[in-house]
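What follows is a short report on a single structure.
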Amino acid sequence: MSLKFFEKLSQNFIEFLNDKDDYDVIIEVENKEKTFMAHSHFLKCRSSYFRRELKNIHPNEKNTMMINKSSISAQIFDLSQNFIEFLNDKDDYDVIIEVENKEKTFMAHSHFLKCRSSYFRRELKNIHPNEKNTMMINKSSISAQIFDVILKYIYGGIVNLENIETRFIFDLMLIANDFEFEELANKLEILLIETKGSWLKTHFSLIYYSIFSNTNFKELEKFCNDIVAKYPNLIFDADDFASLQESALVSLLKRDDLQMKEVKIWDYIIKWGIAQNPTLPSNPKEWTKENYITLKTTLQQCLPHVRYFHLSSTEVLDVIKPYKKILDKQLWEDIIEYSLDPDRPVKSIILPARTISVTELPPRTKEPFSAIISKEHASEISSWIDRKTTTYSSTNNPYEFQLILQGTRDGFAPQTFWNMCHGHAGTVVMAKIKGTDEIIGGYNPLMWDNTTNGAYWGTKDSFIFSLKNGNIQNSILSRVKNPQYAVYYRNKNEQINWGPYFYDFYMSSPKSNFTLDNSCYCRCIHYEKLIRTSGYFSIVNYEVFKVVKKTI
């Protein structure tokens, strides 16, 4: 699938032509009686004639080049097409953009950046050119693969998304929004909703918390809130509920179809408000007047959307009364009066009751256990975890393998590993090697942590392995022999190129995609055995499982 943006591109260029900022060429026509202001990059891009002409003209003291075409009428003088060729021609660029921790650079032209994005127009205003008259922009956190697409969009190229991972499209949408490419961000938003619905639901928490950090993804907000309205536990019972953005919480409270009892909604609002103010005393009976004012201020956008007049008298007394000081005096009086006599009119606005429908949860689909290993493989790994001398059978395996990450589903960028596996302990990483039957992996009993500054973590229970599969007749188990070098956690700057690291088995990719280069590696130094004979390799897929003891 390809996205085309020519209509908006033309509009941007016309607007920029009419905006006389930053012009650096004046063209005189009709015997110098009329002048046109233009931008040298656009002239060179559109005409080899102007490219030759401008090479021989020196700018004046205002850094402007003068061209005299006296014999041409003003009516005739106009310009036309093809900017994408100019992107590939590196002559005359005056902006260098550094990405991937300054390891990769892109060359661009300031006029094009300013023309296409008000973000770059603001950014470039504050950057002074160096001695080579070049402006440097650092965008270290962006991958080269994403910025390559962004640059093609800026210059009018077709954005080709064939065989592109869904996570890449999502990240591209967020970055396009940051750069204020509203057209590109909106098209990608609709594309995700219309064609990638199952992926959005699988990564619901990531999506939900990302889109509410700004206000531009209205369609995705509705898509997510339609789901949360039916299954509110997805957000309200999540471990990170306290970090929910206020705008997201308010958008849910406004919904008449939020499938949750009002008394529970109140409890969650109070819980969220207190979490935003960790200095509040843990016991509300010890609160001062200032403490209640603090909570009331925090919840001022939430409180108007509670359906107070649809609570029972008991609920009002048990859960609302302890926090009555955060309510306006008139509202509290009306709540009490209404609970005693519902027929008596009140001054406060009575919101409609929420429409609670009896909805059965959607049936669980039978997810495939793994795209790489069998249940027998899982049982063998489980026996190694427990240091058993005999292998568990697939029917008595005491562990459940819960899939956290799958390359073909979530993408092969090393950063994805650190983002999705952060905080998980007792995990197995396994990779299918390109061009062979080999399946190799490693077990880390410790919690993966993407916040370290780079450090070895020691454990005597880590091991790496190769599994019997196809032409591979026997599995190989290699336990750590130097526990202080069991696993290495990369710092934030390295996570863009480095994935799981067991010292003698690690996954890396200078191209930020484990499938694109032969940069994954095996050796034998701090573990007992070599798990494969050849060193460097590439993969076709990898998975990370959390290994959890089954409950009886």
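The values are calculated or read from the model by the stated rules, or taken from the named source; none is laboratory data. Values in this document were obtained by computation on a predicted structure and should not be read as measured data. Cβ: placed from backbone, ideal geometry, glycine included. Neighbour counts: every protein chain shown.
Quick notes on this one:
- Residues of the stretch 118-147 that turn out to be touching a helix residue (DSSP H, G or I) at 6+ places or on another chain (Cβ under 7 Å), in a helix (DSSP H, G or I) and farther than 30 Å from THR416 by Cα, as a count: 2
- Complete set of residues in the stretch 201-226 that are farther than 16 Å from SER247 by Cβ and either touching a Phe, Trp or Tyr at 6+ places or on another chain (Cβ under 7 Å) or of a type in the set (D, E, K, R) (or both): LYS201, ASP226
- Tallying residues that are surrounded by 10 or more Cβ atoms within 10 Å (Cβ to Cβ) and either touching a Pro at 6+ places or on another chain (Cβ under 9 Å) or not hydrophobic (A, V, I, L, M, F, W, C) (or both) within the stretch 325-340 yields 8.
- Some residue of the stretch 374-384 being assigned by TED's automatic domain parsing to the domain that holds LEU467, under 25 Å from the mean Cα position of the chain (by Cα), assigned to a helix (DSSP H, G or I) and modelled with pLDDT of 90 or more: no
- Yes/no for ILE150 being farther than 19 Å from ARG122 by Cβ and part of a helix (DSSP H, G or I): no
- When ILE127, ILE96, ILE137 are checked against the criterion of being closer than 28 Å to GLU494 by Cβ, more than 20 Å from the chain's Cα centre (by Cα), surrounded by fewer than 20 Cβ atoms within 10 Å (Cβ to Cβ) and without any contact (Cβ under 8 Å) to a residue 24 or more places away in the chain, a single residue qualifies: ILE127.
- Picking from residues in the stretch 142-191 that are of a type in the set (Ser, Thr, Tyr) and at pLDDT 80 or above, the one that is surrounded by the fewest Cβ atoms within 10 Å (Cβ to Cβ) is THR166.
- All conditions but one from (1) in a loop (DSSP other than H, G, I, E, B); (2) at pLDDT 85 or above; (3) touching a Lys or Arg at 6+ places or on another chain (Cβ under 8 Å) apply to PHE77; the one that does not is (2).
- Residues in the stretch 171-196 that are of a type in the set (D, E, K, R) and assigned to a helix (DSSP H, G or I): ASP171, ASP178, GLU182, GLU183, LYS187, GLU189, GLU194.
- Residue match in the stretch 159-167 (condition: more than 22 Å from ARG121 (Cα to Cα), touching a Gly at 6+ places or on another chain (Cβ under 6 Å) and in a helix (DSSP H, G or I)): yes
- Residue match in the stretch 434-441 (condition: assigned by TED's automatic domain parsing to the domain that holds ILE525, out of contact with any Cys (no Cβ under 7 Å at 6 or more places or on another chain), more than 20 Å from SER508 (Cα to Cα) and surrounded by fewer than 16 Cβ atoms within 10 Å (Cβ to Cβ)): yes
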